[in-house]
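In what follows, a structure is listed as C-alpha cells, so that the remarks can point back to it.
The values are calculated or read from the model by the stated rules, or taken from the named source; none is laboratory data. All values reported here derive from a predicted model rather than from experimental measurement. Side chains included, ligands, DNA and RNA excluded: accessible areas come from the protein's heavy atoms. Shrake-Rupley method; radii C 1.70, N 1.55, O 1.52, S 1.80 Å.
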Amino acid sequence: MKILEISKLLNAEVCCGEDRLESEVCSACGSDMMSDVLAFVKDQAVLLTGLVNSQVIRTAEMMDMRCVVFVRNKKPSEEMLDIAKESGIVVLASPMRMYDACGVLYANGLGDHGETANHE
C-alpha cells in the first residue's frame, strides 16, 4: 500500500515527507509505548501513535519505519518534523482514534508483520 493511500484512508494531513508519498509499505503497528515498539515490532513500515514527542520519531528511525501517523488530532512539533525530515520519515496527522485507524488500514489490506488481510 502506498503512503498516499494511507493518508487518504485516514483523512490525514501530511506534515512532512510529501516527496515520499508514493513509497510502498506492507505492514503497520499501533502503540503509545515506544518500549513495546522496540521490544516487539520487527520490520514495521508504519507506526500509528497518539504519543507526541521526539522519542516517537527517534524510535521510528531506529526501527527503519517509513511513516509515523499521529492519531486523535495530535500534531507534531517543529522539532519532531525536523528530525523526521532528516531521517526521511513521512509524518501524517489523522483525526481518527488509533483503534479505528488500525481497523481501516487492516480492512484495506495492510497487515502486521508483512501479512495482508484476506478479504473475500
Of all beta bridges DSSP finds with both residues in the chain, what is the antiparallel percent, to the nearest 5?
25 percent
Tabulate in residue order the Karplus-calculated ³J(HN,Hα) for region 23-31, using 6.51 cos²θ - 1.76 cosθ + 1.60 with θ = phi - 60°, rounded to whole Hz; enter x for Gly and Pro.
5, 8, 10, 10, 8, 8, 8, x, 6
Averaged per residue, what accessible area in Å² does region 10-60 show with a 1.4 Å probe, protein chains only?
46 Å²
Give me a comma-separated list of calculated 3J(HN,Hα) values for region 50-57, in order, Karplus coefficients 6.51, -1.76, 1.60 applied at θ = phi - 60°, integers in Hz, x for any Gly or Pro.
x, 7, 10, 7, 5, 5, 4, 5
Using a 1.4 Å probe, how large is the accessible area of residue 75, given in Å² and rounded to the nearest 10?
110 Å²
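If 99, 106 are ordered by their accessible area, calculated over protein heavy atoms with a 1.4 Å probe, which sequence runs from highest to lowest? Intermediate values should be presented prior to the final figure.
Values: 99 180, 106 115 Å².
From most exposed to least exposed: 99, 106.
Keeping to pairs on different chains or 8 or more places apart, tell me how many lysine pairs in the chain have Cα atoms under 19 Å apart. Kindly include the intermediate steps, with their values, before the conclusion.
Working: 2/85; 8/74; 8/75; 74/85; 75/85.
Pairs that pass both the separation and distance tests number 5.
Classify the chain: rounded, prolate or oblate, from the alpha-carbon gyration tensor (a ≥ b ≥ c, eigenvalue square roots; a/c under 1.5 rounded; otherwise prolate if a/b is larger than b/c)?
Numbers: a/c = 1.44, a/b = 1.28, b/c = 1.12.
Judged from the Cα gyration tensor, the chain comes out rounded (a/c under 1.5).
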Taking all protein chains in place and a 1.4 Å probe, what share, in percent, of the accessible surface of region 1-115 do carbon and sulfur account for?
50 percent
Mind checking the angle between helix 78-87 and the chain's longest principal axis? C-alpha axes, 0 to 90 degrees, to the nearest 10.
70 degrees
List the residues, sorted by chain then number, that are 5 or more residues from residue 23 or on another chain and whose placed amide H is less than 5 Å from its amide H.
3, 4
